[in-house]
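For reference, the structure is listed below as structure tokens.
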Number of protein chains: 2
Amino acid sequence: MGIPGEEAENIFTLKDLADGIRLRRFIDRHRPERAVIIGAGYISLEVAEALRERGVETTVLYRGEYPYSGLEPELGPIIADELKARGVAFRGRVTPQAFTTRGAQGAQVVTDQGSFPADLFFVGVGVQPNSEIAREAGIVLGETGGIQVNDRMLTNDPLIFSAGDCCEKFHRVTGKPVLVPLGDIANKEGRVAGENAVGGQSRFHGIVGAACVKVFDLEIGMAGITESQAKRLGFPAISQVVEASSRVGIYPGVQQSLLKIVADSSSGRILGGNWIGRDGEARKINTLAVALYNEMTLEEISRLDLAYAPPFSPVWDPLLIAANLLKRKVKK
Amino acid sequence: MGIPGEEAENIFTLKDLADGIRLRRFIDRHRPERAVIIGAGYISLEVAEALRERGVETTVLYRGEYPYSGLEPELGPIIADELKARGVAFRGRVTPQAFTTRGAQGAQVVTDQGSFPADLFFVGVGVQPNSEIAREAGIVLGETGGIQVNDRMLTNDPLIFSAGDCCEKFHRVTGKPVLVPLGDIANKEGRVAGENAVGGQSRFHGIVGAACVKVFDLEIGMAGITESQAKRLGFPAISQVVEASSRVGIYPGVQQSLLKIVADSSSGRILGGNWIGRDGEARKINTLAVALYNEMTLEEISRLDLAYAPPFSPVWDPLLIAANLLKRKVKK
């Protein structure tokens, strides 16, 4: 990360299994009472949850206003509330500047918003493709810094395939290459690359940005692009927020949820959505993921036949409600 | 139903709210100890669950071998096991012949497999469209017995629209009219009929047979048609059963699930699927529902970008695993 002092023994990152074992061993041996986490992506928040499970007082510092910079801003306060309710102190708009040390141990992280002491520090501030070895070998990298591949996962060298976090993925919604370091995508790409490497004709069809995360009991599903991403890319983006419920309102166990969808106002095509809730909502995001794959319009989505039963969804699925509302804003 | 004796005071059906209130009042007043349910569709099994919640000893009698005749046979034993585990006695291949009575009360139901005594009987043996009034008014009924409508929900009378359980729905997978008495479909049709009745140009795009039900803790999602339905309709049907899990195998709370998908062996097009499990699996069936709506092939489905995180699914979503396996059987 490049923060002075970050080489101290009690400052951790999490890139591989060995890092995880090291972190757990430190906790077992030193029983830290206070932890400070720098960063608020999904790895950082999973670590925060794990530390709370171990009874460690935990503070999360983040440069953005709310956790998960890639989400719609409407979700931010909901996630921040969940962290607070579960005993995690979240501090947004904080820039770390240095660690102070006491012997071989980090003592405080100094930021533009004051100093935060802790017995354990965790730094989870994003990933970059480890594509240096490829670049040195003459493999072409894309603008993202990832290895360029075609839909057969072939690099510019006809004998070298690439798959996984190091290589770019084709984003079906934006039509552009992106870096998305997720295990399920790496798995699919690996299969395609492997089949082609032994003479097959397999193609990877690209991604739609489908992902889900858990923050304590909160479930977050996402697919496609956010409204601000869409606008930045030049789409005439419109959006709709729906406050929904996980089941029919009278059904025991019902939980509130929030869905935001984004579409292109001229074509009516769906561009993305974020869904946050507590009662299986994250599992519903794939409805939207398949709609995105098929470049469906709001009109088509609003007519989808989706499974309904009172324990599992309201009569009108929140995605249908959102599409019904947002399609009125599409230019005819 | 037409079983002699069925007019007795303690023999119930469930068609509207008043029926439900009547049933509950009877239970409150008479505290029945034993109930016999005739039929094993979703209404019957929901009543069985409610009766067990009230501590009533409950037996379900059904003409078929396993509950829910519209499901893939692989699901039958799983549902039967769940009923047994929850204290419901299930008896398949039973044909009721008559009720014996004691005064105004039904005493036993006599069947080809012996007599079953109870203090309360519930009859849930399917629904038929109440389309008589339409027929008498000269409205054309289809082969299903339901009211024929076009995609604007208009009957053969240009001033009369029809929506809901009484009218036929266009099944997008089979291309044929069907009767599917479900509340969410009725809701959507009502909106289309209403918009058109006031001069709109709204169209209903048909259904894909998406539905879900809960049987105690078991969740069942279904979409499209089953293998036997497909074969009956002349599709060259192939199928794949996958035993899967609801989360990554090491994740706390993981539950086993079973997914069966059906496809057309010549086109590779997906035709349907059933998914049964316990940990949010029913909510995943809409992934398949949207794939069916878009007439996706197994090849396309196997490449879908679906949201993955360890608490919510295995790395390879069971639907992708099933599509990857089944696509090998498609004729090239």
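The values are calculated or read from the model by the stated rules, or taken from the named source; none is laboratory data. The model shown is predicted, which means the values in this text are computed figures rather than measured ones. Cβ sites come from the backbone with ideal geometry, for glycine too, and all protein chains shown count toward neighbours. For accessibility, only protein heavy atoms count, side chains too; no ligands or nucleic acids. Shrake-Rupley method; radii C 1.70, N 1.55, O 1.52, S 1.80 Å.
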Place a point 7 Å from the Cα of residue B:203 in the direction of its beta carbon; the residues of region B:170-187 whose amide N falls under 19 Å from it are B:170-178
Could you size up the charge dipole of chain A around its Cα centre, putting +1 on the beta carbon of Lys and Arg and -1 on that of Asp and Glu, and report it in debye to the nearest 20? 580 debye
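For peptide B:286-298, how many partner chain Cβ atoms fall within 10 Å of a residue's Cβ, on average?
Values: counts 16, 8, 4, 6, 16, 4, 3, 10, 8, 1, 3, 0, 0.
The per-residue average across the peptide is 6.
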Using the Karplus equation 6.51 cos²θ - 1.76 cosθ + 1.60 (θ = phi - 60°), what ³J(HN,Hα) coupling, rounded to whole Hz, does each residue of region A:170-178 give in order, writing x for Gly and Pro? 7, 8, 5, 7, 8, x, 10, x, 9
Can you spot the lysines whose alpha carbon is less than 18 Å from residue A:169's alpha carbon? Ignore those fewer than 8 places along the same chain. A:188
Identify all lysines with a Cα-Cα distance to residue B:176 below 18 Å; exclude those on the same chain that are fewer than 8 residues away in sequence. B:231
Picking from A:48, A:210, A:197, which is most flexible by a Gaussian network model of chain A using Cα springs under 10 Å? A:197
Between copies, how far apart are the residue A:57 label points? List them in nm, one decimal, shortest first, with each point 7 Å from Cα toward Cβ, please? 6.0
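For chain A, list the DSSP H helices whose alpha carbon atoms reach 15 Å or more along the long axis and whose average Kyte-Doolittle value is 0.0 or above?
Values: long enough: A:17-30 (20 Å, -0.53); A:42-53 (16 Å, 0.23); A:183-197 (20 Å, -0.87).
Long hydrophobic helices here: A:42-53.
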Can you list residues whose amide H is under 5 Å from residue B:153's amide H, if they're 5+ apart or on another chain and H is modeled 1.01 Å from N? B:204
Would you mind telling me which residue in A:259, A:17, A:271 has the biggest mean-square fluctuation in a Gaussian network model of chain A, where springs connect alpha carbons within a distance under 10 angstrom? A:17
Need the C-alpha centroid separation for region A:1-60 versus region B:127-157, integer Å. 66 Å
What's the magnitude of the charge dipole for the protein assembly as shown around its Cα centre, counting Lys and Arg as +1 and Asp and Glu as -1 at the beta-carbon? Answer in Debye, nearest 20. 320 debye
Using the Cα centre as the reference, give the magnitude of the dipole from point charges on the C-beta atoms of region B:178-219 (Lys, Arg: +1; Asp, Glu: -1; all else neutral), rounded to the nearest 20 debye. 160 debye
Helix-only [θ] at 222 nm, chain B, -39500 (n - 2.57) per DSSP H run of 4+, per residue, nearest 500, equals -7500 deg cm²/dmol
Copies of residue A:159 compared via label points 7 Å along Cα→Cβ give distances in nm, shortest first, of 8.2
Cα-based reach from residue A:260 at 12 Å (exclusive), listing aspartates and glutamates while leaving out same-chain residues under 8 positions away: A:72, A:74, A:227, A:243
Can you list, shortest first in nanometers, how far residue B:104 lies from the same residue in the other copies, with each label 7 Å from Cα toward Cβ? 8.8
Measure off 7 Å from each Cα along the Cα-to-Cβ vector at residue B:95 and residue A:248, then give the distance between these two points in nanometres to one decimal. 3.4 nm
Express in whole angstrom the spacing between the alpha-carbon centres of region A:253-290 and region B:252-327. 19 Å
Name the most mobile residue of A:53, A:299, A:72, meaning the one with the largest mean-square fluctuation, in a Gaussian network model of chain A with Cα contacts below 10 Å. A:53
Restricting to bridges with both residues inside region B:1-130, how much of the DSSP beta-bridge set is antiparallel, in percent to the nearest 5? 40 percent
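Tell me, Kirkwood radius of region B:188-332 from alpha-carbon pair distances, in Å?
Details: mean 1/r = 0.0619 Å⁻¹.
For region B:188-332, the Kirkwood estimate is 16.2 Å.
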Between the modelled labels at residue A:176 and residue B:24 (7 Å from Cα along Cα→Cβ) the distance in nm is 5.5 nm
Restricting to bridges with both residues inside the protein assembly as shown, how much of the DSSP beta-bridge set is antiparallel, in percent to the nearest 5? 70 percent
Check residue B:209: other-chain or 5+ apart residues with amide H under 5 Å from its amide H, H built from backbone geometry? B:224
I'd like the accessible area for residue B:171: 1.4 Å probe, protein heavy atoms, all chains in place, Å² to the nearest 10. 10 Å²
Residue-wise, which Karplus ³J(HN,Hα) couplings in Hz belong to region B:222-235, taking 6.51 cos²θ - 1.76 cosθ + 1.60, θ = phi - 60°, and x for glycine or proline? 9, 7, x, 10, 7, 4, 5, 4, 4, 5, 4, 8, x, 6
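What is the local net charge at residue B:141, summed over the other residues whose Cβ is closer than 12 Å to its Cβ (Lys, Arg +1; Asp, Glu -1)?
Once positives and negatives cancel, what remains is -3.
Just for chain B, what percent of DSSP beta bridges are antiparallel, to the closest 5? Walk me through the numbers before you get to the answer.
Numbers: 41 of 59 bridges.
If we restrict to bridges inside chain B, about 70 percent are antiparallel.
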